[in-house]
Amino acid sequence: MGTSTVVPSQADVTVGPQSVRTNTDIDRISDPCNIVFFGASGDLFKRMLLPAMYNLHTQGILPEHFGIIGFSRSSYTQDEFREFGQQSIAEFSRSGPAQSEAWSKFSERMSYIGGEFDNPETFQQLRRMLEENDSKLGTQANRLFYLSTPPGIFAEIVRQLDAAGLGPRDNAQGWTRIIIEKPFGTNLESARALQTEVSRVFPEKLIYRIDHYLGKEPVQDIMALRFANVIFEPIWNHQYIDSIQITAAETVGVEQRGGYYETSGALRDMIQNHVMNLLALVAMEPPVRSDADSIRDEKFKVLTAMRPIPPDNIPDYAARGQYTSGTLPNSKSGILPAYRQESGVSAESNTETFAAAKFYIDNWRWARVPFYVRSGKRLARKWSEIAVTFKPIPHRLFGEAGDQIAPNTLVIKIQPEEGVSMTFAAKVPGPKMHIREVNMDFNYGSGFGVVSAPAYERLIGDAMRGDATLFTRWDAVEVAWERVMPILQHWEQTALELDTGYAIGSQGPQSAKALLAADGREWRPL
């Protein structure tokens, strides 16, 4: 795994800091397409979605004939929307401010509709604009609708698309697909109700439930790491693995999203979707083929094999916390406010900003192996990883007295670093048999000489191609909700315990530490 030897044979790159650049393995999208962004004045569109589209354009990945339509409640003229887009790219695009020639070609394909999401006339205007793009831009009636609005509006948008004749069954000339942002529902009941509304118009094969974690390069590499290396898959089971930890830690608070977060919390916001998807990829069986449904079939099997948590025994399987005031390490921001002091948050809020849980997968491969998951805000470090801890050696032969021989650990680093590291025991040079833990570390940037593209670039491109591999299927969404609902219901019905507060910049609440301590284990430090 040394970085000096890991060079992709097809990429023709020289490894080293001077050669780091964006991957040039271009796979141009063949189908002409219109993509409609609902919520086009929102933060996600500004920070992520429009810069992703622009970068796909400058890399030559977008098809030659494409159109972008922004749809939101804001009152923009066409020129004002394009100016808004140019400013967004200048501020948030990884490629920097838009270049004049590239921007000219890109912006002339941008248009805007302002209006309410429940107004039939606005959707008729959308239909006319799509037809005009088909005629002027050559988009051939292929349509991708992207719902980046608040979740409560999803169903209404789908109903209005159907009423305006913009559903897939009304499009005889091309294809129609829909991307839906998380969260897909706020609990099991609401998720099922939303699915009923969406599936009435869009068949499952045309619904792309997006989870941006699945577009991250290290997450995509989990299957390659497991199934393309004979040294890992034979030991990827309960005989050799002691436990697995999945961490998604953030240093940020709720920012200006206090009102939203009060109805969400860490369990809904991160565990039910992002973390469950990571768990499924780590634990799945090898798929029979590499197509989307073969892979998603195996992920679904993992989730169905997860042992339901007994509703009367939640504290033994889950822990929560809420950040109190404090300071972040190496930060000049001073003392930061507690969650209950944030804008839009109740002074008596019962919402968790940290959630941890222990799951078991009752199948042959993973019998008795605990999967520990955690996610929280205002923690000591921004860090997401999957850590696989192997069982200790059965009998010690080497090492002087006092030498600690730690179990081997394989760590898949997701963000902000991207790569894989592995720890193992080695002899310290010298006459005595001293044993120390050493580390092999691989990072994508130095190992391949390329910079990984942001997740949304990969995912939007895949949806335009019709590749659903990295999107979540309804059956997996449903069973993920089923697995977290006992925890969610218990927490909604009980007040936060005394040991759930944790200072900003810490490792999390004592209740989370106790969850692992009961099993004789501890969390990896942030």
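Numbers for the structure displayed
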| read-out | value |
| --- | --- |
| Selection within the range 451-474 - in a helix (DSSP H, G or I) and either in contact with an Asp or Glu (Cβ under 9 Å, 6 or more places away or on another chain) or among the hydrophobic types (A, V, I, L, M, F, W, C) (or both) | Ala455, Arg458, Leu459, Ile460, Gly461, Ala463, Met464, Arg465, Trp474 |
| Inter-residue pairs, beta-carbon under 8 Å, first closer than 12 Å to Thr500 by Cα and in the range 318-329, second among the acidic types (Asp, Glu) and surrounded by fewer than 20 Cβ atoms within 10 Å (Cβ to Cβ), 6+ apart | none |
| Exclusive hit being over 30 Å from Ile61 (Cα atoms), assigned by TED's automatic domain parsing to the domain that holds Asp269 and touching a residue at least 60 places away in the same chain (Cβ under 8 Å), set Ala468, Ala480, Ala463 | Ala480 |
| Test for Leu144: is it part of a helix (DSSP H, G or I), surrounded by 21 or more Cβ atoms within 10 Å (Cβ to Cβ) and either not acidic (Asp, Glu) or not assigned by TED's automatic domain parsing to the domain that holds Gly259 (or both) | no |
| Pair list, Cβ < 6 Å and 6+ apart or interchain, from the range 83-102 residues that are without any contact (Cβ under 8 Å) to a residue 12 or more places away in the chain to residues that are assigned to a helix (DSSP H, G or I) | Pro97/Ala90 |
| Residue in the range 365-380 that is out of contact with any Phe, Trp or Tyr (no Cβ under 8 Å at 6 or more places or on another chain) and within 30 Å of Arg257 (Cβ to Cβ) present | yes |
| In the range 217-235, the residues that are surrounded by fewer than 21 Cβ atoms within 10 Å (Cβ to Cβ) and in contact with a strand residue (DSSP E or B) (Cβ under 8 Å, 6 or more places away or on another chain) | Asp221, Ile222, Leu225, Phe232, Ile235 |
| Test: residue in the range 199-213 that is crowded, with 16+ Cβ neighbours inside 10 Å, within 30 Å of Pro486 (Cβ to Cβ) and of a type in the set (Gly, Ala, Ser) | no |
| Qualifying helices (runs of 4 or more DSSP H) (wholly inside the range 195-312; at least 1 residues being out of contact with any helix residue (DSSP H, G or I) (no Cβ under 8 Å at 6 or more places or on another chain) and at pLDDT 95 or above) | 292-305 |
| Complete set of residues in the range 403-427 that are surrounded by fewer than 13 Cβ atoms within 10 Å (Cβ to Cβ) and farther than 30 Å from Tyr213 by Cα | Gln404, Ala426 |
| Qualifying positions in the range 85-106 - buried (at least 19 other Cβ atoms within 10 Å of the Cβ) and assigned to a helix (DSSP H, G or I) | Gly85, Ser88, Ile89, Trp103, Phe106 |
| Single condition Arg28 does not satisfy, out of (1) within 22 Å of Ala141 (Cα to Cα); (2) touching a helix residue (DSSP H, G or I) at 6+ places or on another chain (Cβ under 9 Å) | (2) |
| Selection count where residues are within 20 Å of the chain's Cα centre (by Cα) and buried (at least 24 other Cβ atoms within 10 Å of the Cβ), scope the range 50-64 | 4 |
| Among residues of the range 358-379, those that are closer than 21 Å to Gly253 by Cα and either among the aliphatic types (A, V, I, L, M) or not assigned by TED's automatic domain parsing to the domain that holds Tyr260 (or both), counted | 2 |
| Test result for Gln493, under 23 Å from Asn187 (Cβ atoms), at pLDDT 95 or above and not acidic (Asp, Glu) | no |
| Which listed residue, of Gly321, Gly326, is closer than 20 Å to Ser375 by Cα, in contact with a strand residue (DSSP E or B) (Cβ under 9 Å, 6 or more places away or on another chain) and buried (at least 17 other Cβ atoms within 10 Å of the Cβ) | Gly321 |
| Given (1) within 26 Å of Glu217 (Cα to Cα); (2) surrounded by 21 or more Cβ atoms within 10 Å (Cβ to Cβ), index of the condition Trp474 fails | (2) |
| Checking Gly67 against (1) of a type in the set (Gly, Ala, Ser); (2) buried (at least 19 other Cβ atoms within 10 Å of the Cβ); (3) under 26 Å from the mean Cα position of the chain (by Cα), the condition it does not meet | (3) |
| Pick from the range 87-102, criterion within 29 Å of the chain's Cα centre (by Cα) and farther than 14 Å from Phe45 by Cβ, ranking: modelled with the highest pLDDT | Ala90 |
| In the range 330-355, the residues that are outside any loop (DSSP other than H, G, I, E, B) and either surrounded by fewer than 22 Cβ atoms within 10 Å (Cβ to Cβ) or free of Cβ contacts under 8 Å to residues at least 12 places away in the same chain (or both) | Leu336, Arg340, Gln341 |
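Residue by residue, here is whether (1) closer than 30 Å to Thr196 by Cβ; (2) touching a strand residue (DSSP E or B) at 6+ places or on another chain (Cβ under 6 Å); (3) in a loop (DSSP other than H, G, I, E, B) holds:
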site	(1), (2), (3)
Ala476	yes, no, no
Val479	yes, no, no
Glu482	yes, no, no
Pro486	yes, no, no
His490	yes, no, no
Ala495	no, no, yes
Tyr502	no, yes, no
Ser511	no, yes, no
Leu515	no, yes, no
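The values are calculated or read from the model by the stated rules, or taken from the named source; none is laboratory data. Predicted, not measured: the structure shown is a model, and the values here were computed from it. Glycine also receives a Cβ, built like all others from the backbone with ideal geometry; neighbour counts cover every protein chain displayed.
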